[in-house]
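Below is one structure; the comments refer to it alone.
Nothing in this text is a laboratory measurement; each read-out follows from the coordinates by a stated rule. Since this is a predicted model, take the numbers as computed values, not measurements. Quick reminder, even Gly has a Cβ in these numbers, built from the backbone with ideal geometry, and neighbours come from all protein chains shown.
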Amino acid sequence: MKFLCAPGDLPEASSRGFNLEGRPLFAVRRDRQVYVYTNRCPHRGVALEWQSDQFLDPSASLIQCATHGALFLIENGECVAGPCAGQSLTAIPCQEDSQGIWVQL
């Protein structure tokens, strides 16, 4: 497992981008659970964020692609609206302990 960040670096209902070993990733915390995905929209292969660390829609309830507005479920990365409906983001296995958030690349 590779260290991603300290638990306090990803507050509740927030998102944050990372580049780990050359791989663009982002993490979202919702309901005290952490989800990590490759930062790549399945529609065009572009990065998702509007600006640095902004991966969520205005309600912070869905992941949103800045390029085409596609919306993805936080819990599993499934696209529920937009040009890639039915496709999914690539999930990265992760776990959290008192020391940090860890990912399996």
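What the Cα atoms of the stretch 2-103 give is an Rg and a Dmax of 12.6, 39 Å.
Where a ≥ b ≥ c are the square roots of the eigenvalues of the C-alpha gyration tensor, would you call the stretch 36-93 rounded, which needs a/c under 1.5, or, failing that, prolate if a/b is larger than b/c, or oblate?
On the way: a/c = 1.16, a/b = 1.10, b/c = 1.06.
It is rounded, given that a/c, with a ≥ b ≥ c, falls under 1.5.
Taking 7 Å steps out from each Cα toward its Cβ at R32 and W50 produces label points 2.9 nm apart. Most tightly packed first, judged by the mean number of other beta-carbon atoms within 10 Å of their residues, the peptides 66-77, 12-23 read 66-77, 12-23.
Between Q95 and S61, what's the calculated FRET efficiency when r is the beta-carbon distance and R0 is 30 Å? Round to 0.05. Using R0 = 30 Å, I get an efficiency of 0.80. Using C-alpha pairs below 8 Å separated by at least 6 residues, the relative contact order for the chain is 28 percent. Potential lengthening of the chain between A85 and R23 amounts to 19.9 nm, from the contour at 0.36 nm per residue minus the alpha-carbon distance. Neighbours of P7, meaning other residues whose beta-carbon lies under 15 angstrom from its beta-carbon, give a summed charge of -1 when Lys and Arg score +1 and Asp and Glu score -1.
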